[in-house]
Amino acid sequence: MKNPILYTITAAALAAVAAIAIVGCDGDFGERSENMDYFLDKFSGKSNRYTITFNANGASKGSPPQPIDVIKDSTTNLPSNTGGLSKTGFYFGGWSEDSLGKYGNHVTGGQYTPKSNVMLYAIWLSEDGVRRIVTVVSVGAGSSGSGEYESDTTVRIDAGTAPEGQQFQNWKSAPSVTFANSNSPTTTFTMPRENVTVKANFGAVTEGKYAVT
């Protein structure tokens, strides 16, 4: 009777030898070395590469580029997207790890060094190309969302942690914007073509009801 463990180990070893021989028969020495490292990592259950995938992020036409495999700690050129994706009323502004394309998160210059497997989102900028300012007013600790944004892009705001004895009530804005949910401490809205101030209102909790502060 065959020893199943020995049989499995022997078969795996033979497969490894055959694959290494195949990998080593093509290309120059550098390519063979890289391919062999890649195979050995895969065979051992490890990987020395990261995968970059691309998301069209609301494009009206085209398909995102194919994924790219990048050796760890190395830099790759990102696709320029020319003649590919498009979105009516917007122009392509590069790739970002943030689907909202928040200011400061754009991947520019065409080169990128991934730190892990990552998805990059196409960033769509309004045709007027002007950034406007969002000012978040909140007494909540850790509030966020203030900054510069392209008009017609999505802005995410967070009222932060309510002060002791208070609870978030709603958002108000000037000029008026339409919130995805004005009663949620974390919400989004579409950036208008002008500066906007959004205020987080909190209420003191008294017998289960709010008293606006």
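The values are calculated or read from the model by the stated rules, or taken from the named source; none is laboratory data. Predicted model only: the values in this text are computed from it and were never measured. Quick reminder, even Gly has a Cβ in these numbers, built from the backbone with ideal geometry, and neighbours come from all protein chains shown. Just the protein is used for accessible areas: all its heavy atoms, side chains included, with ligands, DNA and RNA removed. Shrake-Rupley method; radii C 1.70, N 1.55, O 1.52, S 1.80 Å.
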Restricting to segment 116-150, name every residue that is assigned to a strand (DSSP E or B) and over 21 Å from Val196 (Cβ atoms). Val118, Met119, Leu120, Tyr121, Ala122, Ala141
Flagged pairs (Cβ under 9 angstrom, 6 or more apart or on separate chains; first in segment 184-213, of a type in the set (D, E, K, R) and modelled with pLDDT of 85 or more; second assigned to a loop (DSSP other than H, G, I, E, B) and open to solvent by less than 80 Å² (accessible area, probe 1.4 Å)) are Glu194/Ser151; Glu194/Pro175; Lys199/Ser138
Condition set among the β-branched types (Val, Ile, Thr) and either in contact with a Phe, Trp or Tyr (Cβ under 8 Å, 6 or more places away or on another chain) or at positive phi (or both), scope segment 72-94, selection most open to solvent (accessible area, probe 1.4 Å): answer is Thr75
Would you check which residues across segment 67-83 are modelled with pLDDT of 85 or more and of a type in the set (Gly, Ala, Ser) and list them? Ser74
Looking only at segment 119-142, filter to residues that are aliphatic (A, V, I, L, M) and under 25 Å from Leu85 (Cα atoms); which one of those is surrounded by the fewest Cβ atoms within 10 Å (Cβ to Cβ)? Val130
Some residue of segment 146-160 being under 11 Å from Ala200 (Cα atoms), of a type in the set (A, V, I, L, M) and either touching a strand residue (DSSP E or B) at 6+ places or on another chain (Cβ under 7 Å) or surrounded by 15 or more Cβ atoms within 10 Å (Cβ to Cβ) (or both): yes
Within segment 178-212, can you find the residues that are in a loop (DSSP other than H, G, I, E, B) and surrounded by 19 or more Cβ atoms within 10 Å (Cβ to Cβ)? Pro185, Met191
